[in-house]
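Report on the structure given below.
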Amino acid sequence: MFHFQKALRTYFTFMIVLLSFSQHAKSQVYDAFDLKKDGVGLCPGGQIRVYIDPNANYVFYSWEILRDNGWSAIPNSNSPSVSHNEALPYRLKVIDVNGIVMYSKQLNVVMLGAPQSIITPSPNVNQICQGDEVKLNANQISTAFYRWEYNNNTLIDDGLQLTAKKAGTYRLYVTDENSCTTASEPYTLTYFSTIVVQLDAVDIICGVKTTPFKLNGSPAGGEYRGAGITDKTLGTFNPAVAGVGKHEVAYAVPNTGACPEIVEKITITIADPKATITNDPNKTEFCEGDLVTLKGPTGLTTYNWFLNGSEISTDTEIQVRTSGDYTLKVTDELDCNDTSAPVKIAFFNNSSTSMETVASVCGTDYQPVTLKGSPSGGVFTIDNTTATVFDYKKAGFGKHVIKYKINGVLSCLNSEISQEVYIEALPKLDLGNDIYLPKGNSVTLKGYIGSDYTYAWLPRTSLDNPNAPNPVASPNQSIRYTLLVTSSRGCSVKDDIAVLVYDKVYVPTAFSPNGDGQNDKWELSGINNYPDAEIHVYDRWGNVVFYSKGNYTPFDGTNSGNQLYEGTYIYKIILYPDHPIFQYNGTLTILR
């Protein structure tokens with residue numbers, strides 16, 4: 001018996017271990033997916049990002065790296081990606097929505113080598129007179145990119161050599177094909193003299209009419225030299241005196257020792273392109289079919305022709321056959337530009353005489369309109385009276401005829417045109433007071449003001465004809481209708497009206513608050529449809545024995561906790577306190 005029990009215990013222990021192993025095998029999956037990384041490896045001193053594409057089924061992430069003592073979790077790495085600074089094998093542990101644990105394939109991250117970054121000065125010096133220069137040479141790597149810095153500011157030079165003219169600290173950054181970057185040791189250049197002369201640079205000047213300004217040189221006591229300098233002591237520079245071109249300007253400060261004079265030089269560039277338009281022939285009004293050429297100045301970089309503000313050509317000259325305002329913008333090689341004044345070109349024929357439209361309006365409350373016609377020189381009349389302005393108030397309601405007549409200097413211009421202007425009175429509309437309608441009934445809305453109008457009711461809900469002036473409305477709930485009335489000339493007016501639909505309230509004429517469970521309270525069926533309703537109950541002497549406003553609590557036949565006597569009482573139920581005409585009045589009998 002003892003051996004049997006021992007064997008049984010051994011069997012159950014084996015089954016438990018086997019079941020545990022089976023469940024564990026189902027819940028963990030190795031080499032389930034691949035990892036990705038940015039770049040080919042880890043740059044010295046940098047970080048590398050290892051990642052997977054986001055997967056909505058994964059609810060937990062834990063990144064691990066393989067050290068000498070085994071896999072070790074990276075802290076704070078519960079996301080689809082991790083940025084880290086160790087060149088080791090990586091893997092990712094995830095748990096999906098079903099609780100299954102999965103491990104990625106191992107991804108090996110290697111440490112990359114750093115490119116060399118060396119500055120070699122020529123001549124090999126660290127000190128110069130201000131105004132001299134040193135060539136800084138970079139070590140050559142065929143696939144590398146170079147970036148130079150001066151006093152921690154990036155320079156535009158990105159080649160193998162940089163000319164250093166200023167005292168300060170220079171540094172070279174070399175980036176190899178793996179995007180690893182190495183900074184050189186700083187190269188510091190100083191001046192022999194303790195005096196450092198500075199002359200602030202000047203941006204390219206566009207236009208010789210630019211206001212004269214003072215150059216800024218230091219230290220004080222020096223002399224300004226060069227074209228355009230009108231005051232050697234103050235350093236006043238006048239673009240008009242210097243003229244167009246590149247001008248070398250210097251600021252010289254006396255010194256002793258190896259550098260007897262410290263000179264700082266800058267180049268000031270002045271450009272002054274002019275956008276001029278030449279007409280051929282030299283006039284601006286033509287008959288239709290004439291040939292007109294507009295020409296720009298020569299020797300500039302770009303030409304941009306515009307007609308009424310829209311670009312039409314980039315040629316140096318254009319032929320035009322369309323009326324409008326032509327302008328030319330020119331730009332030189334220094335990106336200085338100038339835009340011409342507009343040249344108005346007009347082409348006419350017997351039908352091209354025109355005048356600006358005067359709008360037909362609703363009402364007279366509008367500003368007067370100055371009459372304008374083309375070509376110029378014609379005469380306006382309003383209702384056969386000479387005029388230059390159309391005044392709506394003076395003209396008044398009705399139709400008015402404006403004419404423009406011209407006898408042109410061109411053979412094709414002898415014509416008269418006209419337009420009609422209508423001033424219409426605004427329609428008047430009043431839909432009246434809001435309507436209270438018992439539920440289930442209909443009402444006729446009255447919006448008719450005349451047969452020369454169109455009618456549009458909104459919303460169209462529960463209307464037999466929303467485009468009729470007097471439609472029949474049968475709404476099941478309260479609604480506000482808006483009517484838009486429009487005349488044949490587009491004058492319109494709006495008004496609105498509310499149809500307030502109310503439900504019937506059932507009012508019992510008696511109840512018996514005797515505690516038998518039947519008709520113990522005065523129940524008002526439908527009263528809850530009126531959240532602001534007021535209920536008054538009076539005794540025969542006119543005293544209020546019950547009052548309710550808002551959510552109705554049924555009357556139980558008591559007043560301040562005291563039972564009321566059996567008998568007849570008077571009630572008043574006001575459904576809309578703001579409209580007391582909608583109320584129920586009657587008598588109520590209390591039976592005991």
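The values are calculated or read from the model by the stated rules, or taken from the named source; none is laboratory data. Since the structure is predicted, the reported quantities are computational estimates derived from the model, not experimental observations. Cβ: placed from backbone, ideal geometry, glycine included. Neighbour counts: every protein chain shown. All accessible areas refer to the heavy atoms of the entire protein, side chains included, with ligands and DNA or RNA removed. Shrake-Rupley method; radii C 1.70, N 1.55, O 1.52, S 1.80 Å.
Quick rundown of the values:
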{"item": "Protein-only accessible surface order, largest first, of L484, L234, L107, L162 at 1.4 Å", "result": "L234, L484, L107, L162"}
{"item": "Those lysines that a straight Cα-Cα span of less than 28 Å connects to K394, excepting residues fewer than 8 apart in one chain", "result": "K372, K403, K405, K428, K494"}
{"item": "Distance-filtered residues of region 152-172 - backbone nitrogen under 15 Å, label point 7 angstrom along V196 Cα→Cβ", "result": "152-153, 165-170"}
{"item": "Alpha-carbon radius of gyration plus Dmax, which is the widest Cα pair, for region 20-106 in Å", "result": "13.6, 46"}
{"item": "Surface accessible to a 1.4 Å probe, Y538 within the full protein complex, Å²", "result": "50 Å²"}
{"item": "Under 5 Å, built H, 5+ apart or other chain: amide partners of Q130", "result": "F192, S193"}
{"item": "Point-charge dipole on Cβ atoms (K/R +1, D/E -1) for the chain, about Cα centre, debye to 20", "result": "1100 debye"}
{"item": "Net +/- balance of residues flanking Y146 in space, Cβ distance below 14 Å, scoring K and R +1, D and E -1", "result": "-3"}
{"item": "J(HN,Hα) series, region 425-439, from Karplus relation 6.51 cos²θ - 1.76 cosθ + 1.60, nearest Hz, glycine and proline x", "result": "5, 5, x, 10, 9, 9, 7, x, 6, 4, 10, 9, 10, x, 4"}
{"item": "Under 20 Å from K283, Cα to Cα: lysines that are on another chain or at least 8 residues apart", "result": "K295, K344"}
{"item": "Cα lying deepest toward the dipole's positive end in region 394-486, options A456, P471, V409, charges on Cβ", "result": "V409"}
{"item": "Which labelled figure in (i) 26.9; (ii) 70.6; (iii) 39.3 is mean projected area of the Cα convex hull in nm², once derived from the coordinates", "result": "(ii)"}
{"item": "Local electrostatic count, D496, Cβ distance below 10 Å [Lys/Arg +1, Asp/Glu -1]", "result": "0"}
{"item": "Cα centroid separation, region 186-248 to region 507-549 (Å)", "result": "100 Å"}
{"item": "Residues whose placed amide H lies under 5 Å from that of S323, excluding near-sequence neighbours", "result": "F347"}
{"item": "Value of relative contact order over the chain, rounded to a whole percent, pairs C-alpha under 8 Å and six or more apart", "result": "6 percent"}
{"item": "Eligible lysines near K549 by straight Cα distance, threshold 20 Å, same-chain separation 8 or greater", "result": "K504, K521, K572"}
{"item": "Per-residue HN-Hα couplings for region 119-128 [Karplus 6.51, -1.76, 1.60; θ = phi - 60°; Hz; x = Gly/Pro]", "result": "9, 10, x, 9, x, 7, 10, 10, 9, 9"}
